[in-house]
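The values are calculated or read from the model by the stated rules, or taken from the named source; none is laboratory data. Source: prediction; values computed, not measured. No Cβ is skipped: glycine too gets one built from the backbone with ideal geometry, and neighbour counts run over all protein chains shown. Keep in mind that these areas ignore ligands, DNA and RNA; they rest on the heavy atoms of the full protein, side chains included. Shrake-Rupley method; radii C 1.70, N 1.55, O 1.52, S 1.80 Å.
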Amino acid sequence: MNPFINKSCRSLLFTLACTGLLTACGGGGGGGSKGYSSTPGSTGYSSMVASSIAPSSTPASSVAPSSTPVSSIAPSSTAASSTPASSSLASSSAAPALVPPVVLIDTQINAADGDYFVASGDVLVGMPEGGGNTSFTGELLDRTGFALYTFANDTTGVSNCSGNCLVNWPPLLANPSDQASAPYSIIERSMGTAGTALQWAYHGKPLYFFKNDTAAGQTAGKAIPNWLLARPMPTQIVANATLGSHLAAAGSVKLAMPVNGAEQTSTAERNGFTLYTFDNDTTGVSNCSDVCLTNWPALIAHAGAVASAPYSLVQRASGEMQWALNGMPLYFFAGDTQAGQTNGEAIGNNWFVARTPSVAVNNHPTKNRLLVAHGNILNAAGAADNARLDFTLYTFDDDTPGVTTCFGACLAAWPALFAPADAQAFGDFSVITRDATTKQWAYKGLPLYFFVGDTAPGDVTGEYTDWTIARP
């Protein structure tokens, strides 16, 4: 039977087959209310996420676990290399997908591996032609519940897996008509001598299967160096014309807030909602609980989450792990009711939008909005130095994007806003190298400085002919 003719029947059978095995199953790539939502984190998308996501008012702990773990899923009697429904990418007639055929599997199903992404339904898989390693083609295969991986050697939007690597790590391919929304994307990749194809990516990282995973629920690839289970990363960098680039949530996320006096974790759709840090926290420690947590729900990590700089995980008093940026725990604001709002900015002069550069925006009484130093401020030696906390920042007209021309006496009068040695670009903010040992933050390419004549927050005595107040 042509796999694309009787779509409704196939979807029904697929749903029945998944009941009790996966708590969420996606369609075969079709759009619309029964397929994939056009926005990760929307209602359609969250309904496919494992645990049958409850509204934010329902604690995650109240969701009944599946009675059947993934490990009990019977492996298909047909091996992964069996005849596919379609033998090539070009001849496939799969319906276009608006988000990838990917769902989140959670600890209720596979406690040993935590939460990670798996494929759902019939998907296009890059497979070697003729048993070789030089030419690959897209084959339509049922990969429901098969683990997805990312490769540490890949870079954003680029796959560096080819030849024997691609034989062992078949890519999750996309149709030319498929569409992606952040945090997903579609990249172009080489298929060896067969030309190129499109591949699904998550946060820019291409997604793959592992050849030796022959049944749903297997995760043999996690033991291979440089290969990681694809796991939720619930943040993204967003542009903001008023405040400059900052951090926001990506997709459906876990958050913690008090319910009947006890801290509870729930899952909610928060794609694009602003994330904040709290000045009363210390590195690696959250000091927000009870009423504070009601107003500022914490961003909680999925089980098995792996953090890399500048991100980290901090343990809350409840035992849950919370995402942190530069060591500072991340929160939402209850007063933000839709994506893009920043109503929590500067509340109590303790809450600020989260970003890696040590910069905030101050609404100055006479100079309007301007950039000030705030957060992890460092001296030239890389040590913490808050002597200029909330001091005005400036740019130098003689500098060019990415290049500083201020040294010696100039630098003595206009100290640089130094960046950590491992600092990375963040939206509008970039990092320039001053010399072999020091780096400096820049905004829209222009290096940022203090002025030695400013002696308190709010001072703006550094405006000169060739020196300008830095503004968002």
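For a straight C-alpha distance cut-off of 19 angstrom, the aspartates and glutamates reachable from LYS222 (same-chain residues fewer than eight places away being disregarded) are ASP106, ASP113, ASP115, ASP154, ASP213.
Taking a label point 7 Å from the Cα of THR193 along the Cα→Cβ vector, which residues of the stretch 135-165 have an amide N closer than 12 Å to it? Residues 135-136 fall inside that zone.
Hydrodynamic estimate: the Kirkwood radius of the stretch 213-281 over Cα pairs, inserted into Stokes-Einstein at 37 °C and 0.692 mPa s, corresponds to D of 212 µm²/s. Averaged over its residues, the stretch 214-284 has an accessible area of 37 Å² per residue, based on protein heavy atoms and a 1.4 Å probe.
Whole-Hz Karplus values for the stretch 185-191 come out as 8, 10, 10, 9, 9, 7, 10 Hz, taken residue by residue from phi with 6.51 cos²θ - 1.76 cosθ + 1.60 and θ = phi - 60°; glycine and proline positions read x. For ALA301, the residues whose amide H sits under 5 Å from its own are MET321, GLN322, TRP323, ignoring neighbours fewer than 5 places away on the same chain, with H placed 1.01 Å from N.
Using only the alpha-carbon atoms of the stretch 213-334 as identical scatterers, what base-10 log of I(q)/I(0) does the Debye formula give at q = 0.13, 0.19, 0.20, 0.21 Å⁻¹? Debye output, listed in q order: -0.55, -1.03, -1.11, -1.20.
Around the amide H of ALA216, modelled in the peptide plane, lie the amide H atoms of SER76, all under 5 Å away and 5 or more residues distant in sequence or on another chain.
Amide H to amide H distances under 5 Å link HIS364 with ARG369, LEU370, where only residues 5 or more positions off or on other chains count and H is placed in the peptide plane.
Note on the stretch 153-172 and the stretch 187-234: Cα centroid distance 7 Å, given to the nearest whole angstrom. Evaluating 6.51 cos²θ - 1.76 cosθ + 1.60 at θ = phi - 60° for every residue in the stretch 168-179, the Karplus couplings come out as 7, 10, x, x, 7, 8, 10, 6, x, 8, 5, 10 Hz, glycine and proline recorded as x. Along the stretch 371-386 the Karplus relation, 6.51 cos²θ - 1.76 cosθ + 1.60 evaluated at θ = phi - 60°, assigns HN-Hα couplings of 8, 10, 7, 7, x, 7, 7, 10, 8, 4, 7, x, 8, 4, 8, 9 Hz to successive residues, with x for each Gly and Pro. Extension gain for the segment VAL158 to ASN212, taken as residue separation times 0.36 nm less the Cα-Cα distance, is 17.1 nm to one decimal. Report the paramagnetic label zone for ASP390: residues of the stretch 422-464 whose backbone N is under 20 Å from a point 7 Å from Cα along the Cα-to-Cβ axis. Once the point is set 7 Å along Cα→Cβ of ASP390, 449-462 turn out to lie under 20 Å by backbone N, inside the stretch 422-464. Evaluate E = 1/(1 + (r/R0)^6) for ALA421 and ALA241, where r is the Cβ-Cβ distance and R0 equals 41 Å; express this FRET efficiency to the nearest 0.05. Taking R0 as 41 Å, the efficiency between ALA421 and ALA241 is 0.85.
Quick one: compute the contact order of the stretch 97-177, relative version, from alpha carbon pairs under 8 angstrom and 6+ residues apart, as a percent.
Reported as a whole number, the value is 29 percent.
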